[in-house]
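Written out below as structure tokens is the structure these notes cover.
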Amino acid sequence: MNDKPVGIFDSGIGGLSVVRQVSKLLPNEKLIYFGDTARVPYGSKSPRVVREFARQDAYFLSDKNVKAMIIACNTASAEALDLLQKEFDIPIIGVINPGAGFAANITKNGKIGVIGTHGTIASGAYETELLSINSSLEVESAACPLLVPLVEEGWESKEVTKEIIGEYLSPLLDKNIDTLILGCTHYPILKPLIQEVVGDDVVLVDSAEAAAAELERILSDKNLSASNKESSSEHEYYVSDFPFKFKETAERFLGKRLPEVELIPLDKLESRLKAIT
Ligand code: DGL
């Protein structure tokens, strides 16, 4: 069981921020990544649709015999974590609870900002989790829908991106937050720019990093940690569209060569789910 892989899925390429953190923290673990590049973005879709996609993604990984799963996508974590935890009998970790737990722990003045996609912010998932940890926290949230396309365009150090971040964050800064949760897979790439906008007194919380730490804790509690480096052999990568483009971007992002990225057509994902319903 310990040498089985860990599954990670996302709406596309952004979940590689979780792959990067998990590989850093748990180098012995073999990872299987699925990016739903045919249907990205999830952030602007309805909860019903996101839940359906998340189930299909999770069944694909579960068929790969994974011992645990991380929902790297904040939007899918917000909408589908409970559902998937009920449906599968392996540990399933979302990025929201770990990120919220980390932020609640480090805030000094109890004022926490959250930024994410429309879907994540509308779900109120970060707020609910933060208040369940400590009901006296003050939470100020903002949807920042323009940031994902800016990152995908490679505009992470442009002045215009900084201006847009400034617009989005100004109401949060007015509330005197001292901690800001980057509640979207793409935002860690904007960390330097966001830090410039918020200043050094605001601590940025990367949910991907917190989720990797949570995976480490759960695997160790359940005695599921990989025993040696052998088991991490080669991570595997699957996408629902544009495997070559994914491979190119992922190699740049992870700073290493990747094995072939395999295309999984949407009808395969859909028919797998139909077979069990
Ligand atoms: N992965 C999504 C998230 O973290 C961002 C991209 C999308 O909208 O699908 O919410």
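The values are calculated or read from the model by the stated rules, or taken from the named source; none is laboratory data. Quick caveat: nothing in here was measured; it's all calculated off a predicted structure. Neighbour counts run over all protein chains shown; Cβ positions are idealised from the backbone, glycine included. For the accessible areas, the whole protein counts, side chains as well, though only heavy atoms, and no ligand, DNA or RNA atoms are used. Shrake-Rupley method; radii C 1.70, N 1.55, O 1.52, S 1.80 Å.
Which helices (runs of 4 or more DSSP H) sit wholly inside region 191-277 and have at least 1 residues that are crowded, with 19+ Cβ neighbours inside 10 Å and charged (D, E, K, R)?
Here the list reads 207-221.
How many of the residues in region 76-114 are among the β-branched types (Val, Ile, Thr), more than 14 Å from Phe9 (Cα to Cα) and touching a Ser or Thr at 6+ places or on another chain (Cβ under 7 Å)?
Taking region 76-114 first, the residues among the β-branched types (Val, Ile, Thr) are 90, 92-93, 95-96, 106-107, 112, 114.
Cutting the leftovers down to more than 14 Å from Phe9 (Cα to Cα) gives us 90, 96, 106-107, 112, 114.
This time we only want the ones that are touching a Ser or Thr at 6+ places or on another chain (Cβ under 7 Å), so: 96, 106-107, 112, 114.
Counting residues in region 76-114 that are among the β-branched types (Val, Ile, Thr), more than 14 Å from Phe9 (Cα to Cα) and touching a Ser or Thr at 6+ places or on another chain (Cβ under 7 Å) gives 5.
Any residue at all in region 57-77 that's of a type in the set (Val, Ile, Thr), over 21 Å from Pro259 (Cβ atoms) and open to solvent by 20 Å² or more (accessible area, probe 1.4 Å)?
Scanning region 57-77, I find no residue that is of a type in the set (Val, Ile, Thr), over 21 Å from Pro259 (Cβ atoms) and open to solvent by 20 Å² or more (accessible area, probe 1.4 Å), so the answer is no.
Give me the residue from region 163-183 that is open to solvent by 10 Å² or more (accessible area, probe 1.4 Å) and either within 16 Å of the ligand (Cβ to nearest atom) or aliphatic (A, V, I, L, M) (or both) and, out of that set, nearest to Pro149 (Cα to Cα). Outline the logic, then answer.
Step one: list which residues in region 163-183 are open to solvent by 10 Å² or more (accessible area, probe 1.4 Å), which gives 163-164, 166-168, 170-171, 173-178.
Okay, now just the ones that are also either within 16 Å of the ligand (Cβ to nearest atom) or aliphatic (A, V, I, L, M) (or both), so 164, 168, 173, 177.
Numbers: Ile164: 12, Tyr168: 15, Leu173: 23, Ile177: 26 Å.
Among those residues, the one meeting the criterion is Ile164.
Select from region 77-94 the residues that are touching a Leu at 6+ places or on another chain (Cβ under 9 Å) and closer than 19 Å to Val114 by Cβ and list them in ascending order.
Within region 77-94, Ile93, Gly94 meet the criteria.
Out of (1) farther than 24 Å from Asn2 by Cα; (2) over 17 Å from the mean Cα position of the chain (by Cα), what's the single condition that is false for Val66?
(1)
Please go through region 85-105 and give me each residue that is within 12 Å of Val203 (Cβ to Cβ), of a type outside the set (S, T, N, Q) and open to solvent by 60 Å² or more (accessible area, probe 1.4 Å), ordered by number.
Phe102
I'm told Glu152 meets every condition in (1) at pLDDT 95 or above; (2) within 16 Å of the ligand (Cβ to nearest atom) except one. Can you identify the failing condition by its number?
Just one mismatch for Glu152, condition (1).
Looking at region 41-69, I want the residues that are at positive phi and have a partner that is surrounded by 18 or more Cβ atoms within 10 Å (Cβ to Cβ) with Cβ atoms under 8 Å, at least 6 apart or on another chain. Which pairs are those?
Asn65/Lys4; Asn65/Pro5
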